[in-house]
């Protein structure tokens, strides 16, 4: 059985060579190599073509545009998605393929360890709800019927739709892939981008400005508590810096009207 592999890219030249090489090493039965690019201006397209990927433009933009375009070109019964900065674990396919006989399974994935220690420790706080599309395998007919990612950047609504239709989304912690996040500042930028772009209601939108300012004032206390919980001192600084950085996002988003059923928190970013 061959599986098509999808990737969505934007200026990913720093990580793509090692990511694409690892895909070739880990997945033994690759069918189509489907890349959807969101207007890269670096060497991303040349790298993809050198590794034999067919590149399609992301005409809608963002993650939802990339996923919907990729799904159009999938032909296999099962397909895989890997993000441009996720290095698959060596045992990824060996473990993921064990789940494919489960008739109720729609999605299976491993976990991802960020190269930023503080970011990884922070994300461990939410592993009970953790979901992504960075190292996943999907049953194609179910995703076609229910739809793929529909938010610009948040995965949780897609995850919840799968479960609401009585299908399984498995997160197997026997597989650990590496998220090539970079350093501390990159982790903060990632968080700011998430809350700036998502169309879902988050805790940033839920709090009044006064309450959010209060959360900034108390961020050293909350950060210390989180750092002790995960035994990573850098989490204290990360929490404080994130709280300060998101104030600008709070102002720019204002008081929008959101679906009352939309998620309050990111599955990957605890608060």
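Values in this text are rule-based calculations from the coordinates and carry no lab data. Here the structure is a predicted model, which is why all the values come from computation and not from measurement. Counting neighbours? That spans all protein chains shown, and the Cβs are built from the backbone with ideal geometry, glycine included.
Overview of results
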quantity	calculated
Three-way shape call for the range 1-86 based on the alpha-carbon gyration tensor, with the a/c threshold at 1.5	oblate
Cβ-based exposure ranking for 158, 224, in which fewest neighbours within 10 Å come first	224, 158
Pair residue 21, residue 94: separation of 7 Å Cα→Cβ label points (nm)	2.1 nm
For 189, 250, order by how many other beta-carbon atoms lie within 10 Å, fewest first	189, 250
Ranking of 92, 169, 247 by count of other Cβ atoms within 10 Å, fewest first	247, 169, 92
Relative contact order (%) - criterion: Cα under 8 Å, at least six apart; region: the chain	20 percent
Rounded, prolate or oblate (a/c below 1.5 giving rounded, otherwise prolate when a/b exceeds b/c) for the range 184-253 by Cα gyration tensor	oblate
The range 135-198 versus the range 93-113: alpha-carbon centroid distance in Å	14 Å
Choice from 107, 18, 235 showing the highest fluctuation, given a GNM over the chain with Cα pairs closer than 10 Å	18
DSSP bridge pairs, the chain: antiparallel proportion in percent, nearest 5	30 percent
Pairs of Cα atoms farther than 29 Å apart, the chain, %	32 percent
Contact order normalised by residue count of the range 1-142, Cα under 8 Å, 6+ apart, percent	29 percent
